[in-house]
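Student: There's a structure below that I have some questions on.
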Amino acid sequence: MTDLLPAGLTFKSMSSTDASYTCSGATCTNNAALAANSNGPAITVVATVNADFTGVAHNVAYVSPAGNDIVETNLLVVPDTNTDTSKTNTDNDAQADLGVTAVSIGDYVWWDADRDGQQDQGEAPVPGVTVNLLKDGQPTGKTTVTDANGYYAFGDPGRTRPTRSSS
């Protein structure tokens with residue numbers, strides 16, 4: 001089996017728990033013949049999504065016949081990452097789509113007058129506060145400043161922020 005990773009993903013590893021498979025790079029080879037109409041064991045492909053990728057990644061995998069296999073009735077046309085395997089005539093290719101959506105991290109800074117950790121009515125927002133983004137407790141170098149309503153966000157994909165009322 002050969003896996004074809006689309007742009008936006010980086011290959012890490014490929015493996016099978018079945019000892020009859022040898023995996024190297026993005027290809028696993030079965031050292032024993034599969035019986036007719038049978039499925040091989042699961043093969044796991046590990047990849048990371050590149051930090052700047054958003055959208056849909058179309059991953060395709062296919063099984064190539066070995067040199068000593070009988071000729072397939074529906075010959076394999078080697079797919080690429082644009083192939084829709086649900087529309088091919090073969091049964092030795094498959095696909096999986098991965099959707100990645102941009103997200104944001106954000107919140108609201110306010111004066112917690114009663115120190116209960118709750119954003120209660122009448123507790124004023126705090127504009128102009130510098131907020132540092134941390135990863136595993138360490139600074140990432142990314143900062144933002146709360147707006148006039150006390151809101152801040154990192155990577156805000158244009159979502160509408162909730163409104164808060166005070167009385």
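Student: Please compute the modelled spin-label separation between Thr101 and Thr17, points set 7 Å along Cα→Cβ, answer in nm with one decimal.
Tutor: Once both label points are built, they end up 3.2 nm from each other.
Student: May I ask for the net charge around Leu134, where only other residues with Cβ less than 14 Å from the Cβ of Leu134 are counted and Lys, Arg are +1 while Asp, Glu are -1?
Tutor: So the environment of Leu134 carries a net charge of 0.
Student: At q = 0.10 Å⁻¹, what log₁₀ I(q)/I(0) does a Debye calculation on the Cα points of region 2-100 give, no solvent, two decimals?
Tutor: -0.30
Student: Describe numerically, in nm with one decimal, the distance between label points set 7 Å from Cα along Cα→Cβ at Asn74 and at Asn132.
Tutor: Going from the Asn74 label point to the Asn132 one covers 5.9 nm.
Student: Okay, moving on. What nm distance separates the two modelled labels at Ala7 and Ser64, each placed 7 Å from Cα along Cα→Cβ?
Tutor: Roughly 2.4 nm, to one decimal.
Taken together, the values in this text are just the output of simple stated rules run on the coordinates, not laboratory data. Here the structure is a predicted model, which is why all the values come from computation and not from measurement. FYI the Cβ positions are ideal-geometry reconstructions off the backbone, even for glycines, and counts take in every protein chain you see.
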